[in-house]
């Protein structure tokens, strides 16, 4: 079986800082996703990528950049962290025939 | 685009009782439906998926019903136990689409 790994698990940043979150999968899935989950709420799509070097904006892309330089990895950058921001960022992958597989998340706190 | 509403947002039941979570969707061309479970501090774990040509699917104490006429998807935990306490999300995938739409989640608490 495969695995999807998010790093780091916890990220503490300062206001205005640029922060990068990484996601790696070895399922050979074509499509990868970044979601943001705020406490007690659902998932909001930030970016997705249907293949290497492809990027598609989701509903919440403002304030974020993404990069898919290899099929197996998808990174997300918070371009300028907002003070007191606290959320979980979930990465997922799938191919057209499969369900989502999610990583365990990166928990962000901005002080 | 597709809109998904999930209810209830919170559900509390006793061990052994049933717990039912419902999602309604708007796009009749939706191809694929899934239910996910999220335990505290973890990502989402797939419970069950159904294609749009399936009305009912049962697996390991879970029943998924799909009513295409009413555009309603439900998850029934037939005899809940405390280990089922988690947040549950429905997910709806349109035909030919990449963008899955998730429900807003149901926080289920099963007390002994």
Order of A:27, A:89 under a 10 Å beta carbon neighbour criterion, fewest first: A:27, A:89
Theoretical FRET efficiency, 1/(1+(r/R0)^6), r = Cβ-Cβ of residue B:99 and residue A:77, R0 30 Å, to 0.05: 0.90
Sequence of A:35, B:32, A:47 once ranked by neighbouring C-beta atoms within 10 Å, starting from the fewest: B:32, A:47, A:35
Neighbouring partner chain Cβ atoms per residue of A:43-54, average, 10 Å criterion: 2
Span from the segment B:37-74 Cα centroid across to the segment A:17-40 one, whole angstrom: 24 Å
Orientation-averaged projected area, Cα convex hull of the protein assembly as shown (nm²): 12.1 nm²
Convex hull (Cα only) mean projected area of chain A, reported in nm² to one decimal: 6.4 nm²
Computed E for residue B:74/residue A:104 - FRET, C-beta separation, R0 22 angstrom, nearest 0.05: 0.20
Separation in nanometres of the label points that stand 7 Å from Cα toward Cβ, at residue A:69 and residue A:14: 2.6 nm
Gaussian network model of chain B, springs between alpha carbon atoms under 10 Å - residue of B:67, B:76, B:53 with greatest fluctuation: B:53
For segment B:11-112, convex hull of alpha carbons as volume per residue, Å³: 93 Å³
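Read-outs throughout are calculated quantities, based only on the coordinates presented, and are distinct from any laboratory measurement. All of these numbers come straight from a predicted model, not from anything done at the bench. Glycine also receives a Cβ, built like all others from the backbone with ideal geometry; neighbour counts cover every protein chain displayed.
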